[in-house]
1. Computed FRET efficiency, Cβ-Cβ of T81 and L105, R0 35 Å: what is it to the nearest 0.05?
2. Classify region 1-104 from the C-alpha gyration tensor, please: rounded if a/c falls under 1.5, else prolate or oblate depending on whether a/b exceeds b/c.
Amino acid sequence: MHRGNELLTIGELAARTGLSVSAVRFYEAKGLVQPHRTQGNQRRFLRSDIRRLSFALIAQQLGFTLPQIATELGKLPEGRTPSAADWKRISAGFREVIETRVAQLQRMLEDLDGCIGCGCLSLKKCALYNPDDRAARSGTGARFILVSRAVAMAD
């Protein structure tokens, strides 16, 4: 069998990804990898599953949920190692989400010592940040964190 088409046992996949066998089974149950079965009903994984699981681990560390990760992995080709173009396509969507989170964190950092737009109006300073509770027009919650202050304060 050609090395690129070599199938891996669950133990080999676990060793290559740094996961436990039970973790590989967990990700399988979540649909992130789909093994082939031998005549003896043993799992065999494609070498490309090493990258899929590695991607899943990184994406989880970035705060993505397993359903989000499964959706993105579902866009990858079956049966071959994803190409640079495949990963670039997926990373574009992830990049947008991460950039939005970074912007939210930046706004939170800037407003950390003051009102965070909770709409409580309990601080005298809130009158400066949120006169007449304008932020409430764009929804509930911490509007200055969830959306830009300019949008939250728009008439």
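Values in this text are rule-based calculations from the coordinates and carry no lab data. Quick caveat, the model's predicted, so the values are computed rather than measured. Note that we place each Cβ from the backbone using ideal geometry, even for glycine, and neighbour counts take in every protein chain shown.
1. On the way: r = 34 Å, r/R0 = 0.97.
About 0.55, to the nearest 0.05.
2. Working: a/c = 2.50, a/b = 1.76, b/c = 1.42.
Taking the square roots of the gyration eigenvalues as a ≥ b ≥ c, region 1-104 is prolate.
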